[in-house]
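So the structure is just underneath, and the comments pick up after that.
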Amino acid sequence: MLNWAWKYRSGNAENGRTPTAPPPRGGCEDLTQYLERLLQAERFRKSPSLRQLLEYLVRKCAEGSADDIKESTIAMDVFGRPTSFDSRLDNSVRVQDHRLRKTLESTTKPRRGR
């Protein structure tokens, strides 16, 4: 599930940009420190829902539970939706997932003019 989040670690050859800080290859402690640095970005500080989603996804992956991540579990565990959540009627998880991807892209790319 987090493959999309880390795909920028080797850079984006299409536009020539590379991330400012690739994710660690070490253990959970390194991953936790990397996550904390990411969450210091202004965009994450201003959006609790994106912060919660990223923390949830990283935690699940660190626990070895990445295969258990489903849209419905995210809806219930992260966004407090009821067990009757129906993704056909509520696209909130997909919308937040898209926002998270875009935020990670912009957060891990160096800004122009620096």
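Across the stretch 61-80, the number of residues qualifying as more than 17 Å from Arg101 (Cα to Cα), among the charged types (D, E, K, R) and assigned to a helix (DSSP H, G or I) comes to 3. If the condition is being surrounded by 14 or more Cβ atoms within 10 Å (Cβ to Cβ), without any contact (Cβ under 8 Å) to a residue 12 or more places away in the chain and either within 20 Å of Thr108 (Cα to Cα) or of a type outside the set (S, T, N, Q) (or both), then the stretch 62-76 contributes only Met76.
Looking only at residues that are in a helix (DSSP H, G or I) and hydroxyl-bearing (Ser, Thr, Tyr) in the stretch 83-114, which one is surrounded by the fewest Cβ atoms within 10 Å (Cβ to Cβ)?
To start, the set of residues in the stretch 83-114 that are in a helix (DSSP H, G or I) comprises 92-108.
Then keep just the ones that are hydroxyl-bearing (Ser, Thr, Tyr); that gives 92, 103, 106-108.
Working: Ser92: 16, Thr103: 19, Ser106: 11, Thr107: 19, Thr108: 23.
Step by step, filter the stretch 83-114, then rank; the result is Ser106.
This table checks each residue for (1) at pLDDT 95 or above; (2) surrounded by 12 or more Cβ atoms within 10 Å (Cβ to Cβ); (3) over 19 Å from Thr107 (Cα atoms); (4) not hydrophobic (A, V, I, L, M, F, W, C).
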position	(1), (2), (3), (4)
Leu2	no, yes, no, no
Gly16	no, no, no, yes
Pro19	no, yes, no, yes
Asp30	no, yes, no, yes
Arg45	no, no, no, yes
Lys60	no, yes, yes, yes
Val78	yes, yes, yes, no
Arg81	yes, yes, yes, yes
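The values are calculated or read from the model by the stated rules, or taken from the named source; none is laboratory data. Here the structure is a predicted model, which means the values were calculated and not measured. All Cβ positions, even for glycine, are placed from backbone atoms using ideal geometry, and neighbour counts span all protein chains on display.
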